[in-house]
1. Determine the alpha carbon to alpha carbon distance for each of LYS176/LYS261; LYS132/LYS191; LYS229/LYS259; LYS55/LYS101 and list only those over 18 Å.
2. As a test of the formula, what do you get for the chain when each DSSP H run with n ≥ 4 contributes -39,500 (n - 2.57) and the sum is divided by the residue count, at 222 nm and rounded to the nearest 500 deg cm²/dmol?
3. Classify the stretch 109-228 as rounded, prolate or oblate from the Cα gyration tensor: take a ≥ b ≥ c as the square roots of its eigenvalues, call it rounded if a/c is under 1.5, otherwise prolate when a/b beats b/c and oblate if not.
4. About its Cα centre, how strong a charge dipole does the chain have in debye, to the nearest 20, once Lys and Arg get +1 and Asp and Glu get -1 at the Cβ?
5. For volume of the Cα convex hull per residue in Å³, the listed values are [x] 169; [y] 140; [z] 129; which was obtained by calculation from the structure presented?
6. Using Cα pairs closer than 8 Å and at least 6 residues apart in sequence, work out the relative contact order for the chain, in percent.
Amino acid sequence: MHTSLVIMAAGLGSRFGTGIKQLEPVGLHDEIIMDYSIHDAIQAGFDQLIFIIRKDIEADFKARIGNRIEQVVQDKEIAIHYCFQEMDDLPQGFTCPATRKKPWGTGQAVLAAKAYIDGPFCVINADDYYGKHAFSMIYDFLQTNTDPNTCCMAGFILKNTLSENGTVTRGLCQTKNDFLTSIVETHDIEKTPEGAQSHGQTIDVHSHVSMNMWGFTQAFLPLLEEGFKTFLSDPKNHETGEYLLPIWIGDLLKENRIKVKVLETPDTWFGVTYREDKPVVEKSFRALIKQGVYPENLYSDL
């Protein structure tokens with residue numbers, strides 16, 4: 001049984017402009033954000049990496065990072081797998097509408113990896129930097145949790161996740177006794193001199209937010225499949241609807257079918273949402289290297 005890191009790297013990156021934003025170099029030696037997540041996960045104890053990509057970026061992905069990571073882990077007991085998120089990868093009895101233009105969202109992405117998930121697992125976005133603390137907390141939770149219906153999430157502080165270059169979407173969380181009670185996918189959150197707002201509504205910058213960093217047991221996968229079938233059964237979702245992890249998790253919470261432990265992390269998130277974010281991310285990694293958080297040769301300390 002492995003403890004897996006599932007990396008969702010199939011996103012189109014439409015706001016980034018040309019190119020595939022997950023593959024943009026940001027480190028001293030052309031490392032990409034994903035490198036730092038992989039480094040931190042291996043250091044925390046994860047022993048299987050599952051990349052969820054699209055077939056049309058497979059060659060670029062392997063050339064840019066996949067082949068290199070295989071070399072990094074070849075002397076370690078760490079498995080690597082590639083999975084493909086495809087529009088026609090649907091449960092039995094469902095077909096993809098001819099007019100559908102994009103995959104079905106993060107919930108479908110995780111289901112693409114189910115054949116390789118044989119134990120507890122953590123799910124992340126490829127283009128987000130989460131920090132060492134978050135990986136250690138989630139790994140420790142997954143090793144000690146004994147309730148198959150209890151999951152966890154890294155709870156970032158909203159003010160630590162905003163972009164200077166435009167609006168962002170965040171899952172705003174309500175908690176009680178460190179457990180998630182509700183999560184609301186909130187769009188167009190922008191940084192303001194006073195804090196943050198969305199569509200004119202002030203948002204508490206000290207709120208917990210989800211950055212799509214979750215820890216699950218295998219028992220979550222049947223629930224995820226069930227939710228996908230429910231989602232596909234609604235015709236209004238067929239053209240452009242997305243089956244998103246936070247929304248389905250919110251539905252399960254309402255029905256008291258799962259519990260989600262919120263593991264607060266003080267780390268500052270950063271990522272390349274807009275092309276203007278890239279210089280900020282590069283500067284941030286250089287600062288972390290200078291502080292000794294990472295070595296100049298990233299994987300040399302593993």
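Just so you know, all these numbers are worked out from the coordinates, no wet-lab data involved. None of the values given here were measured: they were computed from a predicted structure. A quick note on method: Cβ atoms are made from the backbone with ideal geometry, for glycine too, and the neighbour counts reach across all protein chains shown.
1. Values: LYS176/LYS261 10 Å; LYS132/LYS191 25 Å; LYS229/LYS259 22 Å; LYS55/LYS101 15 Å.
Listed pairs above 18 Å: LYS132/LYS191; LYS229/LYS259.
2. Rounded to the nearest 500, the figure is -7500 deg cm²/dmol.
3. The shape class here is prolate.
4. On the way: 28 positive and 41 negative charges, 74 e Å.
Dipole size: approximately 360 debye.
5. Step by step, volume of the Cα convex hull per residue in Å³ for this structure corresponds to label [y].
6. On the way: 539 pairs, mean separation 75.9, N = 302.
Relative contact order, the chain: 25 percent.
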